[in-house]
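Visitor: Before anything else, here's the structure in question.
The values are calculated or read from the model by the stated rules, or taken from the named source; none is laboratory data. In this text, all values refer to a predicted model and were calculated from it rather than measured experimentally. For neighbour counting, all protein chains shown are included, and Cβ atoms are generated from backbone atoms with ideal geometry for every residue, glycine included.
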Amino acid sequence: EAGVVQSPRYKIIEKKQPVAFWCNPISGHNTLYWYLQNLGQGPELLIRYENEEAVDDSQLPKDRFSAERLKGVDSTLKIQPAELGDSAVYLCASSLTFGTVGELFFGEGSRLTVL
Amino acid sequence: TQLLEQSPQFLSIQEGENLTVYCNSSSVFSSLQWYRQEPGEGPVLLVTVVTGGEVKKLKRLTFQFGDARKDSSLHITAAQPGDTGLYLCAGPPSTSGTYKYIFGTGTRLKVLA
């Protein structure tokens, strides 16, 4: 079974440019997460989807970040315009949530460098 | 504000030594998970603890959930170079819904051969 797929793996852009990241979760997983991770630190939650509904986006900087999950499957995270401080790894995870506990399966991440 | 604080932040030990990593919070968590992350990859789940006071063992790794469900620990016996990585605790705060997983600050472990 294929895991969570993210693209691109690496992206280098100039500040003020737009950038987009794509995530294809594990088939059948209803919950999708976007996290931001700085080097050596724990991931920080940006947004969580249950099916196509964003149920938690309180940590998403909405002035420059946007996300969507079409038809409750693939998801795209966009930054426009990018700032120097946005340089980080953007992780996507999916989970099949039922009962009280879910396991998060992560993609390899998209590493963004803003110059 | 980081709800889950891990200590130590960094740990470098010799092969064969024992170590303990701590994950602490002032908030109650519905459950706690431990993940390990290697460079260039996403975190991978090691274990989930659900009940206060629960202890789980995974080969040389022992995980404990605090009685009040506010803290957890990971103990590694006879560490090996293959244990090297970033260890992360994570869980949903009891007040935030079942599937809102918040991650800890991370502990970077390096085991020297």
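Visitor: Only one of these conditions is not met by B:D67: (1) modelled with pLDDT of 95 or more; (2) facing chain A (nearest Cβ under 10 Å). Which number is it?
Guide: Against the list (1) modelled with pLDDT of 95 or more; (2) facing chain A (nearest Cβ under 10 Å), B:D67 comes up short only on (2).
Visitor: For A:P81, all conditions in the list (1) surrounded by fewer than 17 Cβ atoms within 10 Å (Cβ to Cβ); (2) without any contact (Cβ under 8 Å) to a residue 24 or more places away in the chain hold save one; what is the number of the exception?
Guide: Result: A:P81 fails condition (2) only.
Residue by residue, here is whether (1) among the small types (G, A, S); (2) closer than 19 Å to A:G102 by Cβ; (3) in a strand (DSSP E or B) holds:
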site: B:S26; (1), (2), (3): yes, no, no
site: B:V47; (1), (2), (3): no, yes, yes
site: B:G52; (1), (2), (3): yes, no, no
site: B:K57; (1), (2), (3): no, no, yes
site: B:A78; (1), (2), (3): yes, no, no
site: B:A90; (1), (2), (3): yes, yes, yes
site: B:G97; (1), (2), (3): yes, yes, no
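Visitor: Let me ask another. Looking only at residues that are more than 11 Å from the chain's Cα centre (by Cα), away from chain B (no Cβ under 14 Å) and over 16 Å from A:L112 (Cα atoms) in segment A:50-79, which one is modelled with the highest pLDDT?
Guide: Step by step, filter segment A:50-79, then rank; the result is A:D63.
Visitor: How about segment A:34-49: which of its residues are within 10 Å of A:S94 (Cα to Cα) and either more than 7 Å from every other protein chain (Cβ to nearest Cβ) or among the polar types (S, T, N, Q) (or both)? Working first, answer last.
Guide: Within segment A:34-49, the subset within 10 Å of A:S94 (Cα to Cα) is A:34, A:48-49.
Result: A:W34, A:Y49.
Visitor: Then there's this: Could you run through segment B:28-45 and say how many residues are within 23 Å of B:P81 (Cβ to Cβ) and in a loop (DSSP other than H, G, I, E, B)?
Guide: Taking segment B:28-45 and keeping what is within 23 Å of B:P81 (Cβ to Cβ), we get B:34-45.
Remaining after also requiring in a loop (DSSP other than H, G, I, E, B): B:38-43.
Going through segment B:28-45 one residue at a time, the tally reaches 6.
Visitor: Being out of contact with any Ser or Thr (no Cβ under 7 Å at 6 or more places or on another chain) and among the hydroxyl-bearing types (S, T, Y) is the filter here, so list the residues in segment B:39-94 that pass it.
Guide: B:T51, B:T62, B:S72, B:T77, B:T84 - these are the residues of segment B:39-94 that are out of contact with any Ser or Thr (no Cβ under 7 Å at 6 or more places or on another chain) and among the hydroxyl-bearing types (S, T, Y).
Visitor: OK, next. Looking at segment B:30-38, can you tell me whether even one residue there is at positive phi and surrounded by fewer than 16 Cβ atoms within 10 Å (Cβ to Cβ)?
Guide: Checked against the condition, which is being at positive phi and surrounded by fewer than 16 Cβ atoms within 10 Å (Cβ to Cβ), segment B:30-38 yields no hits at all.
Visitor: Quick check on segment B:45-63. Is at least one of its residues touching a residue at least 40 places away in the same chain (Cβ under 8 Å), within 10 Å of chain A (Cβ to nearest Cβ) and not aliphatic (A, V, I, L, M)?
Guide: Within segment B:45-63 (the criterion being touching a residue at least 40 places away in the same chain (Cβ under 8 Å), within 10 Å of chain A (Cβ to nearest Cβ) and not aliphatic (A, V, I, L, M)), the answer is no, since none of the residues qualifies.
Visitor: Output the number of the condition that A:V19 fails; it satisfies all remaining conditions of (1) within 14 Å of chain B (Cβ to nearest Cβ); (2) touching a residue at least 12 places away in the same chain (Cβ under 8 Å); (3) buried (at least 16 other Cβ atoms within 10 Å of the Cβ).
Guide: (1)
Visitor: Among (1) farther than 30 Å from B:R108 by Cα; (2) outside any loop (DSSP other than H, G, I, E, B); (3) not hydroxyl-bearing (S, T, Y), there is one condition A:G28 misses while meeting the rest; what is its number?
Guide: Status for A:G28: all satisfied but (2).
Visitor: When the residues of segment A:97-111 are narrowed to those that are within 16 Å of A:S75 (Cβ to Cβ) and more than 7 Å from chain B (Cβ to nearest Cβ), which ends up surrounded by the most Cβ atoms within 10 Å (Cβ to Cβ)? Walk me through it before giving the result.
Guide: Of all residues in segment A:97-111, those within 16 Å of A:S75 (Cβ to Cβ) come to A:97, A:104-110.
With more than 7 Å from chain B (Cβ to nearest Cβ) added as a condition, the list becomes A:105, A:110.
Details: A:F105: 20, A:S110: 22.
Per the criteria, the residue is A:S110.
Visitor: Another question, if that's okay. Restricting to segment B:79-96, count the residues that are surrounded by 12 or more Cβ atoms within 10 Å (Cβ to Cβ) and more than 14 Å from every other protein chain (Cβ to nearest Cβ).
Guide: Of the residues in segment B:79-96, 3 are surrounded by 12 or more Cβ atoms within 10 Å (Cβ to Cβ) and more than 14 Å from every other protein chain (Cβ to nearest Cβ).
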